[in-house]
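Everything below concerns the one structure shown next.
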Amino acid sequence: MQRYEQAIQSYDQALALRPHSPDLWSYRAAVLTQLRHHQEALVSYENAIQIQPDHYDAWLGKAEILDGAQQYLEALGAYGRAIQIKSDVPGVWCRRGKILEKLNQLSDALAGYDTAIALDPNHVEAWRYRGALLSKLKNYSEAISSLGKAISIQKELRTGKLDENHSNSHHSVGE
């Protein structure tokens, strides 16, 4: 905890010298998020976005905070903007899909999972979410197939048959 506080002090000092650095604002926001100072983090992400409107990490961080605060429409917009900037990150498509599910936009959510899978056919989380949603939609045969694929990928990762460095199965959203 103390290291995070020291990091914030360092970022504040750096921002005093370079207040127009979107990266510094974004890094500061990430540390504030770790400290669970979400409102202050959101302000820092907004500062980064104001300086550089296509700052991917700031949009992604903003989306995650809004999602955690159950501000789903705003989070959906922020994930959408992140995807406009960088559309090849499967984890972001999955997070967007989960938001769409919460908003009961199920066909759009499924399309998001399918996009994540198209980007990385070994993305365990996308297959798992897809299977759960298909089950919810009572499409049991496709649900079983999707969940089976998720299990198969996990087994391959455990046995070393699939190189996890070439798969987004650990799917850090920002990867």
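For this structure, a couple of remarks:
- Test set (1) assigned to a helix (DSSP H, G or I); (2) modelled with pLDDT of 95 or more - D88 fails condition number: (1)
- Close pairs from the stretch 32-43: first within 13 Å of G68 (Cα to Cα), partner among the aliphatic types (A, V, I, L, M) and at pLDDT 95 or above, Cβ under 7 Å, at least 6 apart: T33/A41; T33/I65; H38/I65; H38/A69; A41/A29; A41/L32; A41/I65; L42/I65
- Residues located in the stretch 1-42, provided they are open to solvent by 100 Å² or more (accessible area, probe 1.4 Å) and either over 15 Å from A58 (Cβ atoms) or in a helix (DSSP H, G or I) (or both): M1, Q2, R3, Q9, Q13, L17, R18, Y27, Q34, R36, Q39
- Taking the listed residues L100, L147, L110, L134, the one that is in a helix (DSSP H, G or I), open to solvent by less than 10 Å² (accessible area, probe 1.4 Å), at pLDDT 95 or above and more than 30 Å from S26 (Cβ to Cβ) is L134, with no other qualifying.
- Check on Y72, crowded, with 19+ Cβ neighbours inside 10 Å, more than 13 Å from the chain's Cα centre (by Cα) and free of Cβ contacts under 8 Å to residues at least 40 places away in the same chain: no
- The stretch 115-131: number of residues that are in contact with a Gly (Cβ under 9 Å, 6 or more places away or on another chain) and assigned to a helix (DSSP H, G or I): 8
- In the set (1) more than 12 Å from the chain's Cα centre (by Cα); (2) open to solvent by 50 Å² or more (accessible area, probe 1.4 Å), the condition left unmet by E64 is number (1).
- Test: residue in the stretch 66-79 that is in contact with a helix residue (DSSP H, G or I) (Cβ under 8 Å, 6 or more places away or on another chain) and over 27 Å from L134 (Cα atoms): no
The values are calculated or read from the model by the stated rules, or taken from the named source; none is laboratory data. In this text, all values refer to a predicted model and were calculated from it rather than measured experimentally. We place every Cβ from the backbone using ideal geometry, glycine too, and count neighbours over all the protein chains shown. All accessible areas refer to the heavy atoms of the entire protein, side chains included, with ligands and DNA or RNA removed. Shrake-Rupley method; radii C 1.70, N 1.55, O 1.52, S 1.80 Å.
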